[in-house]
1. Regarding segment 400-407, can at least one residue be identified that is over 24 Å from Leu332 (Cα atoms), crowded, with 21+ Cβ neighbours inside 10 Å and not hydrophobic (A, V, I, L, M, F, W, C)?
2. Would you confirm whether any residue within segment 436-444 is over 21 Å from the mean Cα position of the chain (by Cα) and free of Cβ contacts under 8 Å to residues at least 40 places away in the same chain?
3. Do the conditions hold for His444, that is, is it open to solvent by 40 Å² or more (accessible area, probe 1.4 Å) and either at pLDDT 90 or above or closer than 30 Å to Ser269 by Cα (or both)?
4. Got a sec? Which of Ile207, Ile219 is open to solvent by less than 70 Å² (accessible area, probe 1.4 Å), under 20 Å from Gln27 (Cα atoms) and assigned to a strand (DSSP E or B)?
5. Need the failing condition index for Arg306 against (1) open to solvent by 30 Å² or more (accessible area, probe 1.4 Å); (2) assigned to a loop (DSSP other than H, G, I, E, B), just the number.
6. How many residues are among the hydrophobic types (A, V, I, L, M, F, W, C) and out of contact with any strand residue (DSSP E or B) (no Cβ under 6 Å at 6 or more places or on another chain) when one looks only at segment 192-216?
7. The conditions are (1) exposed (fewer than 15 other Cβ atoms within 10 Å of the Cβ); (2) touching a helix residue (DSSP H, G or I) at 6+ places or on another chain (Cβ under 7 Å), and Pro114 fails exactly one of them. Which is it?
8. Identify, please: which residue in segment 350-376 is in a loop (DSSP other than H, G, I, E, B) and among the polar types (S, T, N, Q) and is, among those, most open to solvent (accessible area, probe 1.4 Å)?
Amino acid sequence: MIELKDITFSYSSQVNGGLHDINLTIQNGECILLCGGSGCGKTTITRLINGLIPRFYPGNLEGNVLVDHKNVDDFPMYELAEHIGSVFQNPRTQFFNVDSDSEIAFGLENEARPPKELRERVNATIEKLGIQSLRNRSLHELSGGEKQKVAFASVYAMNPNIYLLDEPSSNLDMDAIEDLRKHLQLIKKQGKTILIAEHRLYYLMDIADRIVFFEQGEIKGIYTPEDFQKIPTFKREAMRLRATDLKEVHPEISEVVQPVPLLKLRDVSISYKKKSVLKNINLTAGPGEVIGIAGHNGAGKTTFARALCGLHKHTTGEFLWGGQPQDRKKRLRLSYMVMQDVNYELFADSVKSECSFGIRNPDTALVEAVMEKLGLTPYGDKHPNTLSGGQKQRLAAAVSMICGKELLVFDEPTSGLDYDSMTQVADLVKELAALGKIIFIVTHDYEFVCRTCTRVLHIDHGEPCDIPVSVAEEKTLKKLFSIR
């Protein structure tokens, strides 16, 4: 049993916000979905339960957090780790090794398991979770979704009684989300207690026992899945919550107009460490187009995006802009990429400084307007590293609008975003398209694709396939995203 009694908490760096008067009891074997807008306190709840607050995230804490009637503060961290397994939103932050097998075994090694038992547990975990393709792989070479699978496997191998998952689907393709759903059903049948902080809600409707809705650090409602799905769409969206059933989401772009091509790719092939990733790509794109890049985790979507921006060296074929060949250096000057892990491209010491970092003679009025549009103005003086995952995504999206490049590439820009933030990024993309930018978006987010994209480039088995997004193509689009 987990009990949060009269919890009030604020981080040391916070002036406002935090958690207020939280009282929640979670029975053994329950699956609890924590939902709400970005920064509402979901992640903070998980950090209180696994002991990271206040030991690693200091702040002002009132109240008690009990696990099996014992205060979390009274557990040594090693003992908590035996009972509670955590999967963070960014799996890279919890890795200690460089290859997948060693990472899955890491927790067991720290429990001093005998080598024979350790090997058996690792083998059983890989077999049970169906991740044989990730064996003996360098973690540096895995996609974001593949890293997420390894992070879950490393926790599963330790067989904890309590699982805490923070945005576990944020980097997963639709098939991988279905695998995650099955894994959650598996551990639930084993009697495990599960807490999931999540924005993507649809895949959890038949798993969660209760849904706890947070707003501004307070519990505003606790629902059964049946009652939760009865919430009208307009009210759910006002609560900043995503769709509970993707079958009810439809493309908003009904007519696709093909502009005069400005970007052309001719017979482009891409390799990584002498291994072919993508081949024979022939593609044209014109001003105002928003092209989604979809496909399974590890299919080569991010590699294609990096090659497009000149960040990946090993390419053959022609990249043309306005009929003129573009080598890597020219493509770097032409383009801007919002990376999947935005921590790699946040450099300044404040949000406002980040919006103009490295830009000569920035337009201060534009900076302020974009910050206001994306809800970043209240955080202007904060350090980017103090923002939530969703807020960091919005910051990186803001920089893409301010920098003035012609070719923009977003890699999973809605990863970890609530409904409100997702629509803000979608509106930003539409504004950039209206300015004549050519935009490519690597994404698994069907809701976002329906709201923004004019076409989808589907990459599978090294062969891209171009699909227009329109009402007429909705059936094809849903099949592509494995929505049945």
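1. No, segment 400-407 has no match at all.
2. no
3. Values: open to solvent by 40 Å² or more (accessible area, probe 1.4 Å): no; either at pLDDT 90 or above or closer than 30 Å to Ser269 by Cα (or both): yes.
Answer is no for this residue.
4. Ile219
5. It is condition (2) that Arg306 fails.
6. The number of residues fulfilling the criteria is 2.
7. Only one criterion in (1) exposed (fewer than 15 other Cβ atoms within 10 Å of the Cβ); (2) touching a helix residue (DSSP H, G or I) at 6+ places or on another chain (Cβ under 7 Å) is unmet by Pro114, namely (2).
8. Of segment 350-376, the ones in a loop (DSSP other than H, G, I, E, B) are 350, 355-363, 374-376.
Okay, now just the ones that are also among the polar types (S, T, N, Q), so 350, 356, 361.
Details: Ser350: 16, Ser356: 33, Asn361: 149 Å².
Result: Asn361.
The values are calculated or read from the model by the stated rules, or taken from the named source; none is laboratory data. Nothing here was measured: the structure is a model prediction, and the numbers come from that model. Note that each Cβ is placed from the backbone with ideal geometry, even for glycine, and that neighbours are counted across all protein chains shown. These area figures cover heavy atoms from the full protein model, side chains too; ligands, DNA and RNA do not enter into them. Shrake-Rupley method; radii C 1.70, N 1.55, O 1.52, S 1.80 Å.
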